[in-house]
Amino acid sequence: MKVLVLGGTGAMGVHLVRDLADAGHNVHVTSRSRNGRKGSINFIQGNAHDLSFLNHILSEHWDGIVDFMVYSTEQFKARNEQLLKSTSHYLYLSSSRVYANSDVPLTENSPRLLDTCNDHTYLATDEYALTKARQEDILFNSPYKNWTIIRPYITYDTERLQLGVLEKEDWLYRTLHGRSVVLAKEILTAQTTMTSGRDVAKAMAALLGNVSAQGEAFHITTDENICWQQVANIYKETLQAQGIELNIVEQNTADFLAWRTGKYQVIYDRLYDRIFDNSKIKRFVDTSDFVFPANGLKECMNEFLSSKLYSFKVPNWQEEALKDRITKQSTALKEIAGSKQKIKYLLFKTLPAVARILTK
């Protein structure tokens, strides 16, 4: 197959691209920074959010398109028809965050937040879970049925190691610099499901080009659920073996949300128990072969630590200052690049109320 992968550089995409190439498919990947060929993978340099660039590459027909891009609902309305017309099979990456809370294991037909939530303030937003559900509806209502909706939940890889609502930039960066991590204690008791990006990619590759998967939604997760406290313990033990201490300062949810951005991800996802019924995807892949989270998380953490050249996105220095204020710790100013960011850190560390007014 000739396959186009849009935005395939994350925890799932890098593995899917490699799997498809290893299987002998002709794989093309859009990238803002890379061009040319690497082995059997072709890179097309450009911004896939740019409609003119996208329309150019969609002027030819693709056997499969895998779409990892994050769109606003209006952006997706503007391009979904062209995407569907340009391929025999379109894989759209949604999220299992679309599901409402459930006391029983989630199936693909479980109620979604968009359809059941009564929080009108939340529904007025284009928050991630709502955006994905609205874009799913565009596909559900489309006259084209050559699509498959993929709903992964929390995926992990060497470069993506989450703890509750915290990305590695929020917790691992602080840990490696000897500072405490701040997290809502109620999150730690919630059950979650964490799946290796390699395993999600394996299932996606099994779905791509399969006619019986078209017009359907599939969540792709491991069969194993785990509570966030267990995840924290796995990280803690793995780090301790390297002589590194992970210390978590627990807050109640109200106090945590008083300073933390992204409150809806906490309220409408991380505080829920997320357990999945994988009967549907088992028709295409054996999920019992997926790596256990305890083993996979430890392996990825050790791989990350072994590099010694730790890769982190730039921390949010406003939030870092607030965390330091809570934990009564300090960040060395030499860690912070740029005088403006240093000033922002110092303001939020010492005078958070004033800093919020000045940065509005």
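Summary of values
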{"quantity": "Theoretical ellipticity at 222 nm over the chain - DSSP helices of four or more residues, -39500 (n - 2.57) apiece, nearest 500", "calculated": "-11000 deg cm²/dmol"}
{"quantity": "Long-range HN-HN contacts of Ile248 with modeled amide H, under 5 Å", "calculated": "Val181"}
{"quantity": "(i) 21.2, 59; (ii) 19.4, 58; (iii) 20.3, 64, with the label sought being that of the calculated Rg and Dmax of the Cα atoms in Å", "calculated": "(i)"}
{"quantity": "Set of aspartates and glutamates with alpha-carbon distance to Lys323 below 19 Å, sequence-local pairs under 8 removed", "calculated": "Glu167, Glu169, Asp170, Glu186, Glu245, Glu250, Asp255, Glu335"}
{"quantity": "Exposed chymotrypsin sites (Phe, Trp or Tyr not before Pro) absent - longest run of the chain, DSSP non-H/G/I/E/B, at most 16 other C-beta within 10 Å", "calculated": "145-309"}
{"quantity": "Entries in Lys308/Lys340; Lys298/Lys342; Lys202/Lys298; Lys77/Lys340; Lys185/Lys342 that, when Cα-Cα distance is taken, lie over 32 Å", "calculated": "Lys298/Lys342; Lys77/Lys340"}
{"quantity": "Sparsely packed GluC sites (Glu not before Pro) within region 212-316, loop by DSSP, other Cβ within 10 Å at most 16", "calculated": "Glu245"}
{"quantity": "For region 138-155, 3J(HN,Hα) per residue [Karplus equation, 6.51 cos²θ - 1.76 cosθ + 1.60, θ = phi - 60°, Hz, x = Gly/Pro]", "calculated": "4, 6, 4, 8, 6, x, 8, 10, 8, 10, 9, 9, 9, 10, x, 9, 7, 9"}
{"quantity": "Sites Arg37 and Ser88 - FRET efficiency at Förster radius 25 Å, r taken between beta-carbons, to 0.05", "calculated": "0.55"}
{"quantity": "GluC sites (Glu not before Pro) restricted to region 1-104 and DSSP loop, no more than 13 other C-beta within 10 Å", "calculated": "Glu60"}
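A short reminder: the numbers here are calculations on the coordinates, not readings from a lab. Just so it is clear, the model here is predicted, and its values are computed rather than measured. With ideal geometry, Cβ positions are generated from the backbone for all residues, glycine too; neighbour counts draw on all protein chains shown.
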